[in-house]
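Structure first, commentary second.
The values are calculated or read from the model by the stated rules, or taken from the named source; none is laboratory data. Treat the numbers as computed from the prediction; the structure is a model and nothing was measured. Backbone-built Cβ (ideal geometry, glycine too); neighbour counts: all protein chains shown.
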């Protein structure tokens with residue numbers, strides 16, 4: 001099965017990155033190819049959701065189980081087409097995020113994704129596309145983190161700078 005794995009150091013904490021990736025309801029706002037996502041069941045350990053992906057002119061909905069290990073790991077597993085009548089090219093799509101603390105409040109993120117096509121003869125073509133797709137996915141989360149957390153850092157900095165200064 002074609003797969004992709006990427007490791008990056010980001011200037012955010014594991015808690016911040018975990019929260020961002022665990023917020024599956026926001027995926028349609030920024031995740032490439034995610035057209036819609038409907039959470040069907042949610043607990044502190046797992047989220048069940050229906051995610052609609054659009055790949056080129058093909059659209060499919062997957063039932064996914066998102067297994068949560070707070071601040072350490074998020075695994076989207078057993079992602080299968082919603083029903084057997086879906087005869088699109090994807091048979092399954094699974095991904096894993098891990099978050100490790102590093103120095104200075106940074107975090108090492110590792111993202112891996114594996115896809116299986118119904119027609120295994122097409123796997124070489126998917127393998128060629130996986131690097132680009134995986135890279136785009138990681139970049140989307142990095143950009144989302146920058147949008148979410150850079151403003152927080154600016155607000156904290158503004159509070160620290162303005163705290164105790166006389167007003168004009």
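Overview of values
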read-out: Only one of 134, 105 that is touching a residue at least 24 places away in the same chain (Cβ under 8 Å) and either over 20 Å from residue 21 (Cα atoms) or over 11 Å from the mean Cα position of the chain (by Cα) (or both); value: 105
read-out: Neighbours by Cβ (under 6 Å, 6+ apart or cross-chain): first from region 67-85, buried (at least 17 other Cβ atoms within 10 Å of the Cβ); second at pLDDT 60 or above and assigned to a loop (DSSP other than H, G, I, E, B); value: 68/45
read-out: Answer from 96, 66, 39 - the residue that is under 17 Å from residue 138 (Cβ atoms), assigned to a strand (DSSP E or B) and at pLDDT 90 or above; value: 96
read-out: Odd one out for residue 30, checked against (1) in contact with a strand residue (DSSP E or B) (Cβ under 9 Å, 6 or more places away or on another chain); (2) under 17 Å from residue 140 (Cβ atoms); value: (1)
read-out: Per-region count, region 143-164, residues at pLDDT 75 or above and surrounded by fewer than 17 Cβ atoms within 10 Å (Cβ to Cβ); value: 5
read-out: Unique match (being touching a strand residue (DSSP E or B) at 6+ places or on another chain (Cβ under 7 Å) and either surrounded by 13 or more Cβ atoms within 10 Å (Cβ to Cβ) or at pLDDT below 90 (or both)) among 105, 134; value: 134
read-out: Cross-chain or 6+ apart pairs with Cβ under 9 Å, region 11-40 first and at positive phi and crowded, with 16+ Cβ neighbours inside 10 Å, then modelled with pLDDT under 95 and in a helix (DSSP H, G or I); value: 33/133; 33/136; 33/137
read-out: Test: residue 83 is assigned to a strand (DSSP E or B) and modelled with pLDDT under 80; value: no
read-out: Odd one out for residue 51, checked against (1) under 16 Å from residue 70 (Cα atoms); (2) modelled with pLDDT under 95; value: (1)
